[in-house]
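Here the structure is laid out as structure tokens; the discussion comes afterwards.
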There are 2 protein chains.
Amino acid sequence: MSLDRLIEAIVEKQNPTVAGLDPKLGYIPSFIKEEAYARYGKNLEGAAAALLEYNRRLIDALCDVVPAVKPQCAYYEMYGWPGMRALQETISYAKEKGLFVITDGKRNDIGATMEAYAAAHLGLTEVEGESLCAFGGDALTVNGYLGTDGIRPVWEVCSRWDKGMFVLVKTSNESSGELQNQELEGGETIYATMGQLCEQWGEHLPGRYGYSGVGAVVGATYPQQLQELRKSLPHTFFLVPGYGAQGGGAADVAWGFDANGLGAVVNSSRAILCAWQKEQCRAEDFAQAARREAERMRDDIVRHVGAIRLP
Amino acid sequence: MSLDRLIEAIVEKQNPTVAGLDPKLGYIPSFIKEEAYARYGKNLEGAAAALLEYNRRLIDALCDVVPAVKPQCAYYEMYGWPGMRALQETISYAKEKGLFVITDGKRNDIGATMEAYAAAHLGLTEVEGESLCAFGGDALTVNGYLGTDGIRPVWEVCSRWDKGMFVLVKTSNESSGELQNQELEGGETIYATMGQLCEQWGEHLPGRYGYSGVGAVVGATYPQQLQELRKSLPHTFFLVPGYGAQGGGAADVAWGFDANGLGAVVNSSRAILCAWQKEQCRAEDFAQAARREAERMRDDIVRHVGAIRLP
């Protein structure tokens with residue numbers, strides 16, 4: 001159930017990382033953009049077409065290396081509805097290639113509204129008795145500030161369609177402590193409290209390998225908190241951003257893992273997407289450069305984590 | 001600047017309310033749906049076309065009564081990219097009709113990613129030197145759990161394009177207290193702390209009428225907290241959900257207002273959208289029923305708030 005499919009894919013590929021698909025136009029080789037603009041114009045549709053083609057080629061090159069991809073909604077939404085169509089087509093293509101898709105939307109709302117988000121990104125949308133797929137990811141990042149009313153609709157959809165979620169707990173950014181690190185009267189921090197809520201919510205989505213379908217986002221940039229939370233949240237799988245460009249190293253992210261090499265999946269976006277620019281290789285080789293970087297990242301992390309096995 | 005245009009529209013129409021455009025298929029009269037399905041099929045495009053036509057007729061009927069509309073992203077996103085196109089076309093139509101548009105997306109992220117959301121919903125998207133409008137709302141609801149890194153990109157876009165935002169502070173739902181009501185070591189609640197952050201962030205977006213461009217979402221279902229926050233956050237304009245269907249009355253929401261009848265805008269969605277079903281009037285009259293309910297709501301609230309004037 002839930003995040004079990006992700007865990008199985010991690011074990012199969014011996015790779016606890018996820019490639020972030022955050023395609024900025026500046027990352028995309030000119031030959032792809034020019035072709036898209038020639039066809040659709042220098043507009044939102046042209047940009048969205050370039051994004052999609054870039055993603056497809058990346059997915060082709062990465063699909064036997066990484067277990068999962070994580071498209072960040074914002075980079076599609078900024079191109080309006082054509083961008084959202086590119087998001088849907090990216091997700092669909094990634095799933096065809098056997099990848100687990102984590103849609104990074106950090107969505108949050110309550111009741112029927114959160115049900116609508118859950119239907120959009122994880123479940124199906126009903127139109128006069130027809131069940132239709134709007135975006136179709138396998139897991140969704142969510143923000144738990146509104147409490148259980150904002151999470152229950154997601155776990156209900158996850159339970160029905162074998163999907164999962166990741167709740168923001170301790171984010172990787174510099175100002176994450178402004179709110180998250182504040183201590184409550186009992187001495188616990190806000191992020192630790194949110195983590196405990198994840199454990200509670202997770203009871204509704206038990207998994208086969210000890211981890212529930214309610215994961216948590218915990219940044220690689222705070223290794224001490226990552227270590228602390230790995231201990232205090234034994235059933236909560238972590239999505240770990242902040243490796244690489246944001247400053248977290250393999251020794252830092254290693255704190256997120258358990259003795260079986262499970263418990264976390266580490267994201268890298270920019271380093272993979274821009275590998276061809278960093279390597280200064282031919283633009284035509286961008287996808288192979290991304291693959292080389294994804295392999296390097298895998299090897300770097302596995303060196304610290306060891307072999308990954310099911311419990 | 002910022003939320004000043006909303007404030008001016010509220011004074012002009014002597015109406016401190018906003019009509020929530022949360023169009024569920026069950027709310028839409030059959031004659032609209034059948035026409036849309038006949039044209040596009042019983043699929044996401046057909047549903048999205050029905051949403052848009054429903055919204056257009058509502059906007060026509062409401063545009064001289066209410067100062068603003070608030071489309072809830074989730075109800076568009078659940079219909080995939082055609083739904084997002086209906087969202088964009090709804091926003092565009094509402095603006096043509098002179099309405100202020102609050103896009104209820106509760107978006108949150110950090111740095112360049114949050115910039116992308118801000119560009120999507122409030123600013124413009126650059127494609128090879130062309131500046132294009134993705135969704136084009138006037139204000140966006142956001143979630144501040146990630147701290148200043150998640151809000152700065154929004155206030156920068158707001159400052160440039162004369163837009164505003166509403167940060168979730170104390171939400172209207174039953175479980176909002178699970179996290180938001182917890183007390184920090186100093187004795188302040190989390191929601192009060194988030195409120196103080198709004199006051200600080202608002203210093204970057206000062207307004208002409210005493211309220212900054214950084215508003216707060218505070219639910220009508222918690223009148224005591226609404227009263228407390230109105231006092232402690234003198235520069236923060238409130239978006240107040242929870243009136244009507246969720247249980248908040250006019251006497252409750254009145255706590256959100258200042259001596260000039262300013263300081264808050266009260267949302268109603270379901271009561272307006274479903275007025276024709278409640279009245280059991282002809283389906284063809286749904287938009288006029290919505291208008292009657294919007295007028296009733298305005299009168300109910302203004303009775304408690306009094307005449308609204310600029311300071």
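The values are calculated or read from the model by the stated rules, or taken from the named source; none is laboratory data. What you see is a predicted model, and the numbers here were worked out from it, not measured in a lab. A quick note on method: Cβ atoms are made from the backbone with ideal geometry, for glycine too, and the neighbour counts reach across all protein chains shown. SASA here: full protein model, heavy atoms, side chains in, ligands and nucleic acids out. Shrake-Rupley method; radii C 1.70, N 1.55, O 1.52, S 1.80 Å.
Over the range B:1-106, the hull volume per residue, using the convex hull of the C-alpha atoms, is 96 Å³.
Run through the DSSP bridge list for the range B:139-231 and note the antiparallel percent, rounded to the nearest 5.
10 percent
Of all DSSP beta bridges confined to the range B:73-202, the antiparallel ones make up roughly 35%.
Relative to the Cα centre, what is the charge dipole magnitude of chain A, using +1 at the beta carbon of each Lys and Arg, -1 at the beta carbon of each Asp and Glu, and rounding to the nearest 20 debye? Write down the numbers at each step before the final one.
Working: 30 positive and 40 negative charges, 161 e Å.
Taking the Cα centre of chain A as origin, the dipole is about 780 debye.
Please give the contour-minus-distance gain from A:Ser232 to A:Ala245: 0.36 nm per residue of separation, less the Cα-Cα distance, rounded to one decimal in nm. Each step should come with its number before you reach the end.
Values: separation 13, 0.36 × 13 = 4.68 nm, distance 2.76 nm.
Fully extending the segment from A:Ser232 to A:Ala245 adds 1.9 nm.
Cα centroids of the range A:106-159 and the range B:137-187: 21 Å apart.
With Kirkwood's inverse mean 1/r over C-alpha pairs for Rh, give me the Rg to Rh ratio of chain A, two decimals please. Provide the component values of the computation, followed by the final result.
Values: Rg = 18.8 Å, Rh = 19.5 Å.
That ratio is 0.96, to two decimals.
For the residues of A:182-188, the average number of beta carbons from a partner chain within 10 Å of their own beta carbon is 4. In the protein assembly as shown, what percent of the accessible surface is made up of carbon and sulfur (1.4 Å probe, ligands and nucleic acids excluded)? So the carbon and sulfur contribution to the accessible surface is 45 percent. The modelled label-to-label distance between A:Gln288 and A:Ala259, using points 7 Å beyond Cα along the C-beta direction, is 4.4 nm.
Suppose we keep just the DSSP beta bridges with both residues in chain A; what percent of those would be antiparallel, to 5?
Numbers: 4 of 32 bridges.
Antiparallel bridges: around 10 percent, rounded to the nearest 5.
Using a 7 Å offset from Cα along Cα-Cβ at A:Ala112, what residues in the range A:134-161 end up with backbone N under 19 Å from the label point? Residues passing the 19 Å test: A:149-157. At an R0 of 56 angstrom, the distance between the Cβ atoms of B:Lys24 and A:Glu279 translates into a FRET efficiency of 0.65.
Distant-in-sequence amide contacts of B:Lys97, defined by a placed amide H-H separation under 5 Å and a gap of 5 or more residues or a different chain, comprise nothing. Sorted largest first, the principal axis extents computed over the alpha-carbon atoms of the range A:99-216 equal 50, 29, 27 Å.
Exceedance of the 25 Å cut-off in Cα-Cα distance is limited, within the set A:Lys33/B:Lys97; B:Lys33/B:Lys97; A:Lys106/B:Lys95; B:Lys33/B:Lys278; A:Lys97/B:Lys33, to A:Lys33/B:Lys97; A:Lys106/B:Lys95; A:Lys97/B:Lys33. Between B:Ser232, B:Ser268, B:Ser131, the Gaussian network model of chain B with springs among Cα atoms under 10 angstrom shows the greatest mean-square fluctuation at B:Ser131. Cross-link partners of B:Lys231 among aspartates and glutamates, defined as those whose alpha carbon lies under 18 angstrom from its own and excluding same-chain residues fewer than eight positions apart: B:Glu188, B:Glu199, B:Glu203, B:Asp252, B:Asp258. With every protein chain present, what accessible area does A:Glu115 have (1.4 Å probe, heavy atoms only), rounded to the nearest 10 Å²? Estimated to the nearest 10 Å², A:Glu115 gives 100 Å². Computed over neighbours whose Cβ is under 9 Å from that of B:Leu25, the net charge equals 0, Lys and Arg +1, Asp and Glu -1. What the pair-distance distribution of the protein assembly as shown shows, using all Cα-Cα distances binned every 10 Å from zero, is 3, 17, 28, 27, 17, 6, 1, 0 percent.
Once you keep just the Cα pairs under 8 angstrom separated by 6 or more residues, what percentage relative contact order results for the range B:211-311?
Values: 150 pairs, mean separation 25.5, N = 101.
Computed value for the range B:211-311: 25 percent relative contact order.
Whenever you get a sec, line up A:Cys198, A:Cys133 from highest to lowest accessible area (probe 1.4 Å, protein heavy atoms).
Ranking A:Cys198, A:Cys133 by accessible area, largest first, yields A:Cys133, A:Cys198.
Between B:Ser131 and A:Glu185, the modelled label-to-label distance comes to 5.1 nm, taking each label 7 Å out from Cα in the direction of the beta carbon.
Take each residue of peptide A:126-139, count the partner chain Cβ atoms within 10 Å of its Cβ, and average: the result is 4. Rounded to the nearest angstrom and listed largest first, the equivalent-ellipsoid semi-axes of the range A:212-311 from its Cα gyration tensor are 27, 14, 11. For the range B:67-157, the pair-distance distribution built from all alpha carbon pairs, in bins 10 Å wide starting at 0, is 18, 47, 32, 3 percent. Per residue, the solvent-accessible area of the range B:143-227 (1.4 Å probe, heavy atoms of protein chains only, all protein chains present) comes to 33 Å².
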